[in-house]
Every structure is written in C-alpha cells, then in structure tokens.
Amino acid sequence: MSKSVLHTIQSRMNSFSKGQKRIAAYILENYDKAAFMTANKLGKTAQVSESTVVRFATELGYDGYPTMQKALQEIIRGKLTSIQRIQASNDQMTDPDILGTVMQRDMNSIHTAIIQADRAEFNRVVDKLVHAEHIYLLGVRSSSFLAGYLNFYFHLIFKNVTLVQNFSAGEIFEQMLHIGPGDVLVGISFPRYSKMTENAVHFACDRGADVIAITDSQMSPLYQLASASLLVRSDMISMVDSMAAPLSLLNALIVAVGRQKKEEISNTYSDLEKVWSRYNIFGKTEDE
C-alpha cells in the first residue's frame, strides 16, 4: 500500500469528512513533511484533533497512524536532501534527553528488525556465501564501514574475499573486473541510495554473478537486481544514518556463516594465536 497511499487519498477525497479533507489536502501538498510528523502535530497543522488523524489512517485501511506514516516515509526516504533530513528528524526529536532518545530509537530499530526479518531468506543468503567461489563486498558513503566490518570477519572465515574500495567509479569496476558466474557480490545501500553502488550491481549481474542486497526496502534499486536480499531499516537521526539495526544483522550473518565454516575458523584462530604470541602482538599477560 505504501506505493499508492497518495493515490488512495486523492481517489477518496470526496468521501472524507470536513476534518479528514483538511488532513488529506495537507498530506497531498506536503507529504514530505507529513511523513515525519507525529499524529498530534499533523492534527494541529491541519486544525483537527489527534484522534481525527488516527481515524483518518484507519479509514485508509491502516491499522494505525504509525503504519500510514511509514507508508509515506517509504515514498520519500530515498529522495530527501540532507537539509530535509535534519529538519524532519528535528521535528521528531523534541525530548531534551538526546542520549536516551537516540539509544531508545536504536533499540526500537533492532526490535523491529527482529520481528520483520525473513528467516528463510537469511538462510538462503548464508548458503550462497558459503558456496561462493569469490565474495565481493561493496558499500559506499555511510555504508562503507558496514562493508569494511563484514570484510574484517569474512577474511577470517574465507580465503576468497575482496573489499571493493570506492575511491572512484572507475576503480570499482577495475576491482570487479574478474567477477563472474559462481561469484557473489554483497551490495550494501541505504537512503539516499548511491548510484555508484547501483551501477556496480548492474555490472555484477551483467557478468553473471549472484547479487545479495543488504538494503532497507523493496523500493530500493538494489532489491530489484538482487537474487537474494536482507531487508533492514536504517533510521534517520538528524544528519546521522543510524546503522544499529543493519550492523546487528551483519553480526547475525557473520555468526551464521561462521557456524557453517567452524572448522576453518578454528584453524584460522589457532594459527593467529601462534602469530600473536610469537610477535607479542597484545603484550604478555601476568601469567606469562
């Protein structure tokens, strides 16, 4: 329904009450702002009560105002400029306890991810990674550290991992030059979606590689191109993309892959412990 919420409002305008028409008119003209307003603020802006706003959402077929709000957010998440993101987030964050507010939102994001995660698709992704001939990892901008984090642990599990560096578009294609059938590209992208990542995914598909998308929704350009996808929301907090939920998902992915490759991991860490000890990497303990 998220793709048609504005159309639904427009088509049902004549059936709305006087107060509902004011809400509808404001949303149609300012959906980018309405998507991040509380029910109370939207009601005040449209000069109706908060309960009228809640009933309006129910009238449209949603189970509550938050669900309708998320449908509006899905339409615009990938289109907001940085300034719009800051303004939208500031409208939502009125509590002076910034520490508590931000950490609570991160907790809520992880809780939502637990509920919404597709377990069968998660297992498919694990299987594709375990059987890949070569794994390529790509994320740019705020997603780059997620790709780097995945790369750190995957290098301890697999011998066939390449972190695609994103200094320039040309260099990305050079690093992926040998990608092909049997290989897997893990593309990580969240709003605002990077065209650089999308182009790299197109390239991987053209070369016959499997693509695993780690992104936020079915509206993401990566979702349509991928053979498997893990969907998890990133949260907009002012100028920050909160990656608490995506990072938690990656932790689960690393653990799940590790359980499938436990013998290789055991051998790797056994070798590493010898290297660390020989070269005194972490210093001597009191018992040594």
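Quick notes on this one:
- A Förster distance of 22 Å, applied to the separation of the beta-carbon atoms of V240 and T112, puts the FRET efficiency at 0.75.
- Extension gain for the segment T101 to K262, taken as residue separation times 0.36 nm less the Cα-Cα distance, is 54.1 nm to one decimal.
- Under 12 Å, Cβ to Cβ, from V232 - net charge with Lys/Arg +1 and Asp/Glu -1: -3
- The chain, accessible surface, carbon-and-sulfur percent (1.4 angstrom probe): 52
- When each of K70/K261; K21/K70; K44/K195; K128/K274; K70/K195 is checked by Cα-Cα distance, pairs over 30 Å: K70/K261; K44/K195; K128/K274
- Stretchable slack from H155 to Q10, in nm (0.36 nm times residue separation minus alpha-carbon distance): 47.0 nm
- FRET efficiency for Y223 and R278, using Cβ-Cβ distance with R0 set to 45 Å, rounded to 0.05: 0.45
- Placing pseudo-labels 7 Å out from each Cα toward the beta carbon at H178 and N30 gives an inter-label distance of 5.7 nm.
- Mean sequence separation of contacting Cα pairs (under 8 Å, at least six apart), scaled by the length of the chain, corresponds to a relative contact order of 16 percent.
- If the segment from E171 to Q47 were pulled out straight at 0.36 nm per residue, it would be longer than the present Cα-Cα gap by 39.2 nm.
- Comparing G148, G258, G64 in a Gaussian network model of the chain where C-alpha atoms under 10 Å apart are linked, the largest mean-square fluctuation is found at G64.
- Relative contact order for segment 104-203, counting Cα pairs under 8 Å that sit 6 or more residues apart, in percent: 32
- Once the Cβ-Cβ distance of D63 and M196 is raised to the sixth power relative to R0 = 51 Å, the FRET efficiency obtained is 0.85.
- Candidate values (i) 42, 32, 20; (ii) 36, 22, 18; (iii) 43, 22, 16, label of the one derived for semi-axes √(5λ) of the Cα gyration tensor in Å: (iii)
- Percent RCO, i.e. relative contact order, over segment 20-73, from Cα pairs under 8 Å lying at least 6 residues apart: 36
The values are calculated or read from the model by the stated rules, or taken from the named source; none is laboratory data. These numbers come from a predicted model, not from an experiment. Counting neighbours? That spans all protein chains shown, and the Cβs are built from the backbone with ideal geometry, glycine included. Quick note on the areas: whole protein, heavy atoms, side chains included, nothing else; ligands and nucleic acids left out. Shrake-Rupley method; radii C 1.70, N 1.55, O 1.52, S 1.80 Å.
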